[in-house]
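Here the structure is laid out as structure tokens; the discussion comes afterwards.
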Amino acid sequence: MLEPPRRHRPDAPAPATPGGLAERGVQPRTTLGLPPGAVPGQAGPPTDEATRPPALPEEFERPSSARVYDYLLGGAAHGAVDRRLGEELTRVAGDVVTLARENRAFLRRAVRFLLAAGVDQFLDLGSGVPTMGNVHEVVARSRSTARVAYTDVDSIAATHGQTLLAGVPTASYSTVDVTDVDAVLAAPGVAGLLELDRPVGLLAFSVLQHVRDDAAGLVGRYVARLAPGSAVALSHFTADDRRVTDHVERLTARYAHGRPRPRTRDEVAAIVAGTDLVDPGLAWAGEWRPEAGRPPAATDPRGHWAAVGFVR
Ligand SMILES: C[S@@+](CC[C@H](N)C(=O)[O-])C[C@H]1O[C@@H](n2cnc3c(N)ncnc32)[C@H](O)[C@@H]1O
């Protein structure tokens, strides 16, 4: 079940195969409107009218955050349109591969911290594809039986997630929009898996920049529904380092689920203001409790602000 992270080389030639779900033998469900074997932005072989697959829904003609991020992490759930944007980002916006890896490494450290603090159920908002060291893999490596309810708005991430987690009774994947708190908490994969009257680790890694409006108010509405002892762990793409932010904002403006809105340190601090932050407070992802013996990854430019706090 556990997969070692694969090394991604942005300078490597694009794979000869579509490089997406089909490469792993996972076919998208036809209920999503994808023709079997189709991957986002990947034209199929020439066909005559009778065998021509239906046109891809608009979502798959555009790059998406989940798929581009999967590409940057060296995963397999992305298509040509995502690969092109990922390559463009690595060309002009600095070391975005390291920024993505740092964010994922912070996720691992934050989840391990919460497991050690006794949290045994997680609600993950905007989960992305549940591979490359995502939450249930960290839980399994920690020999814990903690439950993980993944949620995301991206169809490919959800299809991939539901397929990968089919045999994992302690994890679920729901397709639902993070901005709809009632819908997230009532989703069968959430309400049927988590006990919301007990502490929950609310995880929001690199997703709140996709909430253009009141992200602090949104997190407050989730926190108000959590039991005492619950915690919030989040990372948020920064608006403080314009060397990377300007390029990322320009290139991701066509994302299928809306253009991101990076935020400054003060704006991210406001999002976690209703929690008691553990040391070191709000920090760059690479500098939040780096593993003992390892110096914090020093990326320049910086990518995500990161914090873990307990609900009052
Ligand atoms: C950069 S990825 C982060 C994935 C994962 N949380 C991590 O940090 O490793 C951002 C994720 O947020 C998801 N997302 C964007 N807008 C969303 C929304 N309105 N509701 C739920 N998820 C959303 C994207 O589909 C994508 O999977």
Pull out a ≥ b ≥ c, the square roots of the eigenvalues of the alpha-carbon gyration tensor of region 96-311, then state rounded if a/c is under 1.5, prolate if not and a/b is larger than b/c, and oblate in the remaining case. rounded
I'd like the Karplus ³J(HN,Hα) series for region 183-198: coefficients 6.51, -1.76, 1.60, θ = phi - 60°, whole numbers in Hz, and an x wherever there's a Gly or Pro. 5, 5, 6, 8, 4, x, x, 9, 5, x, 10, 9, 9, 6, 8, 10
Across region 256-263, in residue order, what do the Karplus-derived ³J(HN,Hα) couplings come to in whole Hz, using 6.51 cos²θ - 1.76 cosθ + 1.60 with θ = phi - 60° and x for Gly and Pro? 4, 10, x, 7, x, 10, x, 10
Accessible area (Å², 1.4 Å probe, nearest 10) - SER174: 10
Please list, in order along region 110-115, the HN-Hα scalar couplings obtained from phi with the Karplus expression 6.51 cos²θ - 1.76 cosθ + 1.60 (θ = phi - 60°), rounded to whole Hz, x for Gly and Pro. 5, 5, 4, 4, 5, 4
Check: region 96-311 dipole with +1 on Lys, Arg Cβ and -1 on Asp, Glu Cβ, in debye: 500
Taking the Cα centre of region 96-311 as the origin and placing charges on Cβ (Lys, Arg +1; Asp, Glu -1), which of LEU164, VAL97, ALA215 is farthest toward the positive end of the dipole? VAL97
Given axes a ≥ b ≥ c from the Cα gyration tensor, I'd like to know whether region 208-252 is rounded (a/c under 1.5), prolate (a/b larger than b/c) or oblate. prolate
I'd like to check one number: the per residue accessible area of region 96-311, probe 1.4 Å, reported in Å² as a whole number. 38
Can you list residues whose amide H is under 5 Å from ALA239's amide H, if they're 5+ apart or on another chain and H is modeled 1.01 Å from N? ARG263, THR264, ARG265
Working out 0.36 nm times the residue gap between LEU196 and GLU287, then minus their Cα-Cα distance, what length gain in nm do you get to one decimal? 29.6 nm
Which distance in nm do the two modelled labels at VAL92 and ASP182 give, with both placed 7 Å along the Cα-to-Cβ direction? 4.2
If Lys and Arg each add +1 and Asp and Glu each add -1, what is the summed charge of the other residues whose beta carbon sits under 14 Å from the beta carbon of ALA227? 0
Long-range amide H partners of GLY201, meaning residues 5 or more apart or on another chain whose placed amide H is closer than 5 Å, are GLN121, PHE122, LEU123, ALA231
Among residues other than ASP182 whose Cβ falls under 14 Å from its Cβ, what is the net charge (Lys/Arg +1, Asp/Glu -1)? 0
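The values are calculated or read from the model by the stated rules, or taken from the named source; none is laboratory data. Worth saying up front: this structure is predicted, and the values here are computed from it rather than measured. Ideal geometry is used to build each Cβ from the backbone, glycine not excepted, and the neighbour counts take in all protein chains shown. Protein only, heavy atoms only, side chains kept; ligands, DNA and RNA dropped before computing areas. Shrake-Rupley method; radii C 1.70, N 1.55, O 1.52, S 1.80 Å.
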